[in-house]
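Step one of this worksheet: look at the structure below.
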Amino acid sequence: QVQLVESGGGLVQPGGSLRLSCTASGTTFNIDVMGWYRQAPGKQRELVATITSGGSINYADSVKGRFTISRDNAKNTVYLQMNSLKPEDTAVYYCNRRIFTTNYWGQGTQVTVSS
């Protein structure tokens, strides 16, 4: 059973930075897509960024130039460096791992951007 454990959320002022981490366990399969999604109150869950095991990256337009996704395959960990945070980035951020057509989700970590 694949498990995803997230860390790094919190409260930050506008313009600040946070780094999220997500470590996967439960499988040795090494071809996958890992990523981050977020869900704000009253809104649907949306893509933030994804990265394949080969290193291909995709960002939502709203975070391009501010967020950076990366991964350490040896540690089965994906990171999301978030800079120049805005109040509209406030949401619960979920780690995702997709192996073929199966999606696995973390429990979510709250990110709040407020002065």
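The values are calculated or read from the model by the stated rules, or taken from the named source; none is laboratory data. What you see is a predicted model; the values in this text were computed from it and never measured. Cβ atoms come from the backbone with ideal geometry, glycine included; neighbour counts cover every protein chain shown. Side chains are part of the model used for accessible areas, which takes the heavy atoms of the whole protein and leaves out ligands, DNA and RNA. Shrake-Rupley method; radii C 1.70, N 1.55, O 1.52, S 1.80 Å.
Summary table below
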quantity	calculated
Size of the range 15-115 as Cα extents on the principal axes (Å, biggest first)	42, 25, 21
Per residue accessible area in Å² of the chain, where ligands, DNA and RNA are left out and the probe is 1.4 Å	54
Within the accessible area of the range 48-91 (1.4 Å probe), percent carbon and sulfur	45
Computed magnitude of the charge dipole of the range 48-110 (debye, nearest 20; Cβ of K, R +1, Cβ of D, E -1)	160
Potential extension, residue 83-residue 31 segment - 0.36 nm per residue separation minus Cα distance	15.9 nm
Low-density loop cleavage sites - chymotrypsin sites (Phe, Trp or Tyr not before Pro) in the range 36-115, where at most 13 other Cβ are within 10 Å (DSSP)	100
The range 1-107, dipole about Cα centre (Lys/Arg Cβ +1, Asp/Glu Cβ -1), debye to the nearest 20	20
For the chain: relative contact order, % (alpha-carbon pairs under 8 angstrom, 6 or more apart)	36
